[in-house]
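K.L.:
Take this structure first; my questions come after.
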Ligand SMILES: [Mn+2]
């Protein structure tokens with residue numbers, strides 16, 4: 001069940017004290033969408049914050065815009081808790097208490113896998129939207145807010161990162177239409193934003209990435225590529241885990257690869273990022289291990305050593321890339 005953008009805007013116009021929740025391991029869409037909406041709500045005189053419990057990734061620092069907080073006590077009264085680019089409690093771990101404060105609960109998402117534990121007062125879930133930034137753009141327009149340069153930068157980042165620079169199959173004419181409008185905002189410069197997102201990597205991160213790439217394993221006649229970012233590798237190179245973002249896209253650029261899996265070892269668990277090219281249903285593979293996402297871009301988390309996670313997941317992924325044409 002989806003509420004209309006118009007009815008959502010009507011509800012939000014009457015609310016004040018709003019906490020926006022991007023998903024754990026925030027990305028350009030989650031944070032860009034949150035900050036864009038936060039700025040729009042503030043321009044209407046409302047108190048709004050983006051509630052986080054992990055630092056903003058370095059390459060996304062320009063999306064912060066004074067919106068984020070680690071402490072929900074900045075608001076005396078929370079009339080709305082709004083989940084952005086996710087829809088289940090497992091995606092906002094560590095922020096449950098802040099979430100519970102919202103008298104109303106809302107959700108803007110584009111992931112098809114739906115959590116059942118939350119009863120939303122309003123929700124807009126559009127699996128066909130390339131980015132939640134597209135939904136947020138429409139909500140901001142429905143709120144009657146002019147798109148400022150900061151809002152434009154946030155929305156553009158949301159769309160360009162979630163579409164792989166408008167290259168992924170989720171890209172639609174609407175993705176381009178919204179981007180087209182952003183180009184008309186005074187001062188907007190897509191090159192500047194793209195350089196902020198992609199061209200600020202450290203030499204150490206590039207070295208770490210090259211080590212991951214040179215140690216890839218291939219299965220199923222080269223249809224499946226598997227890489228590993230271990231804590232040891234990160235420490236040796238003085239890198240953080242978010243600097244491994246982008247490696248999986250490089251894995252997918254290899255001729256003949258239908259699916260890719262990048263294992264990322266944290267202090268407490270092992271995250272697997274999964275990508276499919278045309279038919280490999282990675283959302284279904286991830287769902288078998290309590291994860292989820294989009295058909296061609298999904299993920300799951302293992303609470304076991306890396307070697308065990310590999311033994312558990314790789315056979316399923318081999319089946320997934322061998323299951324021809326069943327998208
Ligand atoms: Mn997204």
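The values are calculated or read from the model by the stated rules, or taken from the named source; none is laboratory data. No experiment lies behind these values; they were computed from the predicted model shown. So basically every Cβ, Gly included, is an ideal-geometry build from the backbone, and we count neighbours across all protein chains shown.
K.L.:
Take residue 75 and decide whether it is more than 14 Å from the ligand (Cβ to nearest atom), touching a strand residue (DSSP E or B) at 6+ places or on another chain (Cβ under 6 Å) and farther than 30 Å from residue 202 by Cβ.
P.N.:
On the way: more than 14 Å from the ligand (Cβ to nearest atom): yes; touching a strand residue (DSSP E or B) at 6+ places or on another chain (Cβ under 6 Å): no; farther than 30 Å from residue 202 by Cβ: yes.
So residue 75 does not fit the description; no.
K.L.:
I'd like to verify a number: residues in the stretch 83-113 that are touching a strand residue (DSSP E or B) at 6+ places or on another chain (Cβ under 8 Å) and more than 15 Å from the ligand (Cβ to nearest atom), how many?
P.N.:
Within the stretch 83-113, residues that are touching a strand residue (DSSP E or B) at 6+ places or on another chain (Cβ under 8 Å) and more than 15 Å from the ligand (Cβ to nearest atom) number 10.
K.L.:
Taking the condition of being more than 12 Å from the ligand (Cβ to nearest atom), surrounded by fewer than 20 Cβ atoms within 10 Å (Cβ to Cβ) and part of a loop (DSSP other than H, G, I, E, B), how many residues in the stretch 122-153 meet it?
P.N.:
Counting residues in the stretch 122-153 that are more than 12 Å from the ligand (Cβ to nearest atom), surrounded by fewer than 20 Cβ atoms within 10 Å (Cβ to Cβ) and part of a loop (DSSP other than H, G, I, E, B) gives 6.
K.L.:
Any residue in the stretch 110-119 that is modelled with pLDDT of 95 or more and either surrounded by fewer than 16 Cβ atoms within 10 Å (Cβ to Cβ) or within 20 Å of the chain's Cα centre (by Cα) (or both)? Lay out the reasoning, then the answer.
P.N.:
Filtering the stretch 110-119 for residues modelled with pLDDT of 95 or more gives 110.
After this cut, where a residue has to be either surrounded by fewer than 16 Cβ atoms within 10 Å (Cβ to Cβ) or within 20 Å of the chain's Cα centre (by Cα) (or both) as well, the list is 110.
Yes, the conditions are met somewhere in the stretch 110-119.
K.L.:
Here's another thing I want to ask about it. Restricting the search to the stretch 154-173, which residues are crowded, with 19+ Cβ neighbours inside 10 Å, within 22 Å of residue 252 (Cα to Cα) and either in contact (Cβ under 8 Å) with a residue 60 or more places away in the chain or outside the structural domain of residue 34 (by TED's automatic domain parsing) (or both)?
P.N.:
157, 158, 159, 160, 161, 162, 170
K.L.:
Is it fair to say residue 225 is touching a strand residue (DSSP E or B) at 6+ places or on another chain (Cβ under 9 Å) and on the phi > 0 side of the Ramachandran plot?
P.N.:
Details: touching a strand residue (DSSP E or B) at 6+ places or on another chain (Cβ under 9 Å): yes; on the phi > 0 side of the Ramachandran plot: no.
When the stated conditions are applied, residue 225 does not pass them.
K.L.:
Within the stretch 28-53, work out how many residues are buried (at least 24 other Cβ atoms within 10 Å of the Cβ) and either assigned to a helix (DSSP H, G or I) or in contact (Cβ under 8 Å) with a residue 60 or more places away in the chain (or both).
P.N.:
Looking only at that region, the number is 13.
K.L.:
Also, I was wondering about something else. Somewhere in the stretch 54-66, is a residue in the same structural domain as residue 130 (by TED's automatic domain parsing), assigned to a loop (DSSP other than H, G, I, E, B), under 22 Å from the mean Cα position of the chain (by Cα) and farther than 28 Å from residue 300 by Cα?
P.N.:
Looking only at the stretch 54-66, we keep the residues that are in the same structural domain as residue 130 (by TED's automatic domain parsing), and these are 54-66.
In the following step, the residues that additionally are assigned to a loop (DSSP other than H, G, I, E, B) were identified as 54-57, 64-66.
With the extra rule that they be under 22 Å from the mean Cα position of the chain (by Cα), the set shrinks to 54-57, 64-66.
Still in the running and farther than 28 Å from residue 300 by Cα: 65-66.
Yes, that holds for at least one residue.
K.L.:
Every residue in the stretch 1-27 that is more than 16 Å from residue 66 (Cα to Cα), buried (at least 24 other Cβ atoms within 10 Å of the Cβ) and within 16 Å of the ligand (Cβ to nearest atom), please.
P.N.:
26
K.L.:
I need the full set of residues from the stretch 155-173 which are outside any loop (DSSP other than H, G, I, E, B) and away from the ligand (no atom under 13 Å from the Cβ), in order please. Give the derivation first.
P.N.:
First, the residues of the stretch 155-173 that are outside any loop (DSSP other than H, G, I, E, B): 155-162, 173.
Scanning the stretch 155-173 gives 156, 173.
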